[in-house]
Structures are given as C-alpha cells and as structure tokens.
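Student: There's a structure below that I have some questions on.
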Amino acid sequence: MARHTAKSHKIRKVEILVIQIQICLLGYQRYLDKIEKLQNYSSKLFEVTNCIVIKQLPPCDHEWGYSDNCINQLLTSSNIDNSNVELCLCFIDNPIEYNYFTRDLSEFDSKTVLCSFYQVETIFDEQNIDIFNYIHGIILNEIVQIATLHKVNEDYFLHDDTRNCLFDMCGLKKDIAIKYGVPSLCPSCIAKIESTAVDKEFVPLLNKEFKSFKKALFYRIIDFVKERPILSIIITFLSTIIINILSSFLYELLKFIL
Ligand SMILES: [Zn+2]
C-alpha cells in the first residue's frame, strides 16, 4: 500500500510540472530545423503540443519590423486559440518593438509571448553557440513565469545586471550569449521562485535541464585553445613526443615479434 502511494505521488508531480506549449510561426522561418528539434524534445518540464503557421505577414509598421499591436491584431484575425495550452510562443525573424528579443503580448492574453530571431544568429555564431539554446532558453524562462505566477510577466524576475541568469535583462544585446550559453539561476531569482507555491522539484529539474545547454566537444576544444593558447601549444608539443615514443616502441616490438 505504501509503495502504491509513493508511485501515485510521483505521477502527480510529473502532471503538475509538464507545461503544454503551442508554437506559432510568423512569416518566413530560417530556423525550422531548430523548431522541429524543439517539437521532438523530451523534457520533464514542458511539451510542445501544437504548432500553427501564419505564412503571410502584414506590412511592417515598426521600421522593418512589427509592433506589439500589429502582432496582436494578426493573432486575433487568425483566430489563434490558446485555451488548451498554458503558454503560446510566437517566433518571428523580423525585429520587434524596442529591438527586444521577446515581448509579452499581454494585450492579446496572459500566456502569449513574441520571440524574435533578429541579430541572434550573429551573436551566437561569434561564440559558437547553437541557436537551439536560444529557443530552449526562452522556453525555460517562460515556464518559470507560468509555473510561479500562472501568467507571463517577465518584469517580475528581470534584473538589469548580467549574472549569467535566465532573467538577465540583456540591455547589451550580445549578453544574450551569456544568458543562454549555459544558463543558470541567480540566488535572487531562486528565492523569488521558491517564495511561490511551486513544486519543490521544479528548481532541481531546471538545473538538470541547464546541463543540456553544454557546447559540442569540438567547440569546447576550440574555446580551450582560444582561452589558453600557450598551454595548448605545450600540450600539443608533449603529445607529439609521446606519440613518437609510442610509435618507436611499437615498431621495435613488431620487429621483435615478426
Ligand atoms: Zn536572476
């Protein structure tokens, strides 16, 4: 009986934590492969349950981009329905209001966020960071808000200074590479999360998911060489000597055996 209760409790926790997400793709998408990866991504915190495509956009009303108002009208005229999900993320390639990365579309509803890819590729390529980190990072940022506040309200968590935290403001746009390179949560944000009625497993699960943001081995080696060029030269030099010694030894051994 005790075992049965523990199992039921575990199932209940998972049901609480998994946040259902709808994705809405606005206009031409350069990163469809990353969006597809997100749709198939296995997480204990979220799942993408639906993807809507709005192929044609209205004329730009904010230089070469779009204001919140324009996107709100587009979503309304397209009859976007978020009643079956807890979060709706709209992805667009164009710049958005104030050249932000994301905008809470609170005029539309309390669970819709507009996310722009504008300038992200340039910043991430410089640091050899996969652009999937950007999408995945936004998801984790938003689900913290949904899990704690039950609505999107990034202002509640954001801080101006850069702390390598999920809620860095990124007034300097290039800091987005620090925020979502390998993200973490600063003590102040953890305290805010834990002050709500969120499940105790939530922060540990987030920390576990942050570990998946690590760069591929190839890029980590490149970063190591860039950061420690002298040490890298010494390692290469010593490795060459060791390989030469081993080769000579192997040659002598084969000669002896054969
Ligand atoms: Zn923080």
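Student: Restricting attention to segment 217-226, does a residue exist that is open to solvent by less than 60 Å² (accessible area, probe 1.4 Å), of a type outside the set (Val, Ile, Thr), touching a residue at least 12 places away in the same chain (Cβ under 8 Å) and not assigned by TED's automatic domain parsing to the domain that holds Glu126? Please lay out each step first, then the result.
Tutor: Within segment 217-226, the first condition is being open to solvent by less than 60 Å² (accessible area, probe 1.4 Å), and the residues that meet it are 222-223.
Still in the running and of a type outside the set (Val, Ile, Thr): 223.
Within this subset, residues satisfying the condition of being touching a residue at least 12 places away in the same chain (Cβ under 8 Å) are 223.
Narrowing further to those that are not assigned by TED's automatic domain parsing to the domain that holds Glu126: 223.
Yes, because at least one residue in segment 217-226 is open to solvent by less than 60 Å² (accessible area, probe 1.4 Å), of a type outside the set (Val, Ile, Thr), touching a residue at least 12 places away in the same chain (Cβ under 8 Å) and not assigned by TED's automatic domain parsing to the domain that holds Glu126.
Student: Considering only residues that are among the hydrophobic types (A, V, I, L, M, F, W, C) and either open to solvent by 40 Å² or more (accessible area, probe 1.4 Å) or assigned to a helix (DSSP H, G or I) (or both), look in segment 66-123 and name the one that is nearest to Asn50 (Cα to Cα).
Tutor: Only one residue tops the list, namely Leu75.
Student: Also: Considering only residues that are closer than 17 Å to Lys211 by Cα and within 15 Å of the ligand (Cβ to nearest atom), which ones fall in segment 168-180?
Tutor: Ile178, Lys179, Tyr180
Student: Which numbered condition in (1) open to solvent by less than 20 Å² (accessible area, probe 1.4 Å); (2) more than 12 Å from the ligand (Cβ to nearest atom); (3) out of contact with any helix residue (DSSP H, G or I) (no Cβ under 9 Å at 6 or more places or on another chain); (4) not hydroxyl-bearing (Ser, Thr, Tyr) is the only one that Lys211 fails?
Tutor: Answer for Lys211: the failing condition is (1).
Student: Can I ask one more? Quick one: Leu158 ticks every box in (1) within 15 Å of the ligand (Cβ to nearest atom); (2) within 19 Å of the chain's Cα centre (by Cα); (3) in contact (Cβ under 8 Å) with a residue 40 or more places away in the chain bar one, so which box is it?
Tutor: It fails just one condition, (3).
Student: Within segment 127-137, identify whether any single residue is buried (at least 19 other Cβ atoms within 10 Å of the Cβ), in the same structural domain as Leu17 (by TED's automatic domain parsing) and within 16 Å of the ligand (Cβ to nearest atom), and answer yes or no.
Tutor: The answer is yes, given that some residue of segment 127-137 is buried (at least 19 other Cβ atoms within 10 Å of the Cβ), in the same structural domain as Leu17 (by TED's automatic domain parsing) and within 16 Å of the ligand (Cβ to nearest atom).
Yes or no, residue by residue, for (1) touching a Leu at 6+ places or on another chain (Cβ under 6 Å); (2) free of Cβ contacts under 8 Å to residues at least 60 places away in the same chain:
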site: Ile71; (1), (2): yes, yes
site: Ser78; (1), (2): no, yes
site: Asn82; (1), (2): no, no
site: Val85; (1), (2): no, no
site: Cys90; (1), (2): yes, no
site: Ile96; (1), (2): yes, yes
site: Phe101; (1), (2): no, no
site: Leu105; (1), (2): yes, yes
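The values are calculated or read from the model by the stated rules, or taken from the named source; none is laboratory data. A quick note: this is a predicted structure, and the numbers were derived from the prediction, not measured. Cβ atoms come from the backbone with ideal geometry, glycine included; neighbour counts cover every protein chain shown. What goes into the accessible areas is simple: the full protein's heavy atoms, side chains included, and nothing from ligands, DNA or RNA. Shrake-Rupley method; radii C 1.70, N 1.55, O 1.52, S 1.80 Å.
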